[in-house]
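The values are calculated or read from the model by the stated rules, or taken from the named source; none is laboratory data. Keep in mind the model is a prediction, meaning the values are calculated, not measured. Cβ atoms come from the backbone with ideal geometry, glycine included; neighbour counts cover every protein chain shown.
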């Protein structure tokens, strides 16, 4: 057994993407040093935001690329890193919009700067301002450089242009989805199931699944038909993923997901699960508990019970399966190479497996 | 006299840049229509933010480009429009950071969305949230597309790569300057004159003067020596411009500048003018009036009087002249073509002319 055998294929891919990001941030920090230590620190915080993720979007790029015969792993790592940096930009700015200072239990960019200002004796308001300001700036830098990483991938011009178009599509959709999400947060009524699905597709599924898979196929020089099929697969599986994510936000195991199962209920997150429940008799009992800031664990248990009794949980699980099946049916088409099918079926299974 | 003779050279250039931006926004709005009317509206508001400016940065691009022999005015208009869109992105996000809902007397993106939410019965807090969220998203779209306009300019690859590097430098410096500015706003002491100059150079002068002039020269295929001289000229004249801008913010004619002459005093803006005053005996009388939210017109008059008496105004004017002279001295170098000199000397004169 040689050294590389000690690592699975995903670990190898992730290490390659991490390598690209490490080099990118090292260069940026060196360059920032000429502007003073505070600027270096902002880059360090941005790097911290980009670290520790599952490298989900790069994995989509690699899955499409390698199973379609691509062999330039360095180029794929750059394109994957570009989508990872886009993701970082979007979550940093999403946290600004949501006024969140914590992500997955640890302070985000806004949180780090806010906490430091508080420690230095700033008022709550001034400290939050400093935190949010730093996050606006950091997100801008990440966004701009997502594009730059495509430039630095060394891919030839026509391919580069297409990859940039795909990233443009990703941001264009995500901004539209974010806008809808902001509008949702100001509604008193719960949006309809299909409106929530549209929002989740635009805000997250397009840039996390559809576009990275397309990018991998374009990089591999795949035929247009395959690129289109991958986009369709990505869109459908991405929606399934979001529904599952919302299910895990209420019914998941915190130890597995790293995400609390009470946060979504306390903030009254608009999900398919909750939207379905509004149409049931039990809604009268559920409603006052959704968005209740001081929801207790026992109240949360009661909501979970009711979401099961009303069939909301089963409905959401069924919907996730429906989208996953739609995704899988695209892979059954004759023009899809077996290697691609073998790569993507486990991804679809893994998405559904999260709620099993 | 033919038709084109009716318009001055700046009007022709501006019309060309406006044409590029109009086409860009038309395309974006058509594309946004598939995502619903609210998204089209966000693009309309972003377009409104990009409209009505002096097209200052495009003028720098054209000045360098045409006086160095460039003749592809369409390409120059694209590069100019790219810097204009970068400027739009930066001011939209700067307003988010400063919690400003108005720019030059009219509601900005945040303001339009906030006011609409208020009209629909939202609370102040919810309305502000909606306004700021829309502005974060709009700024992201503008930032990303600033880059895209360079791509769409049709310039050849090596030139394109260099132009993108220049825009990267512009954002990199501006983010550093914005971070310093945020730090300033949390200081109790007034920063030193040289720290303010550094901040203003990074935050504004680099992306408004240095980089657009460099970009014009690169596009014209100018020798490296000329590109470097233009960068130096731009950096120096840009700092002069900022000092003059701060002077006009206190001593200007509102009818000419479109900017109130009490706003900067009320918000306690950190400027060379005020920083100088801190070192004088009169500071004890000035200090309580700086950053006084309800400063009256007669108190503002008193501050102006004191800023004149202490020599702060004369110092700032002298400093602006010093930077303008440094800029002009670069143009005296032997390798600078007369056409370039003839184009840039009036720009330096115009910068200083604003305080005469």
Residue B:135 being in contact with a helix residue (DSSP H, G or I) (Cβ under 7 Å, 6 or more places away or on another chain), farther than 30 Å from residue A:43 by Cβ and more than 7 Å from chain A (Cβ to nearest Cβ) | no
Somewhere in the range B:170-179, is a residue in a helix (DSSP H, G or I) and more than 21 Å from residue B:96 (Cα to Cα)?
-> no
With respect to the numbered conditions (1) surrounded by fewer than 12 Cβ atoms within 10 Å (Cβ to Cβ); (2) under 30 Å from residue B:214 (Cα atoms), which one is the sole condition not fulfilled by residue B:284?
-> (2)
Write out, first by first residue and then by second, each pair whose Cβ atoms fall under 8 Å of each other, whose residues are 6+ apart or on separate chains, and whose first residue, in the range B:257-283, is on the phi > 0 side of the Ramachandran plot while the second is modelled with pLDDT under 90.
-> B:258/B:104; B:258/B:105
Given the residues A:9, A:40, which is the only one that is surrounded by fewer than 20 Cβ atoms within 10 Å (Cβ to Cβ), touching a helix residue (DSSP H, G or I) at 6+ places or on another chain (Cβ under 9 Å), free of Cβ contacts under 8 Å to residues at least 60 places away in the same chain and more than 19 Å from residue B:174 (Cα to Cα)?
-> A:9
Which of the residues that make up the range A:263-293 are part of a loop (DSSP other than H, G, I, E, B) and closer than 20 Å to residue A:203 by Cβ?
-> A:268, A:269, A:270, A:271, A:291
Quick one: which of B:161, B:157, B:151 is at pLDDT below 95, crowded, with 21+ Cβ neighbours inside 10 Å and facing another protein chain (nearest Cβ under 9 Å)?
-> B:151
Taking the condition closer than 25 Å to residue B:28 by Cβ and either crowded, with 18+ Cβ neighbours inside 10 Å or more than 9 Å from chain A (Cβ to nearest Cβ) (or both), does residue B:142 pass?
-> yes
Determine if the range A:319-333 includes at least one residue that is assigned to a helix (DSSP H, G or I) and more than 30 Å from residue A:66 (Cβ to Cβ).
-> yes
Taking the range B:239-262 on its own, how many of its residues are touching a helix residue (DSSP H, G or I) at 6+ places or on another chain (Cβ under 7 Å) and assigned to a helix (DSSP H, G or I)?
-> 13
Report those helices (runs of 4 or more DSSP H) wholly inside the range A:46-130 carrying at least 3 residues which are buried (at least 22 other Cβ atoms within 10 Å of the Cβ), within 14 Å of chain B (Cβ to nearest Cβ) and within 16 Å of the chain's Cα centre (by Cα).
-> A:73-98
Reported set for the range B:181-201 where residues are assigned to a helix (DSSP H, G or I) and either in contact with a strand residue (DSSP E or B) (Cβ under 9 Å, 6 or more places away or on another chain) or at the interface with chain A (Cβ under 7 Å from one of its Cβ atoms) (or both) is B:182, B:183
Selected residue (criterion: nearest to the chain's Cα centre (by Cα)) from residues of the range B:202-226 that are surrounded by fewer than 22 Cβ atoms within 10 Å (Cβ to Cβ) and part of a helix (DSSP H, G or I) = B:226
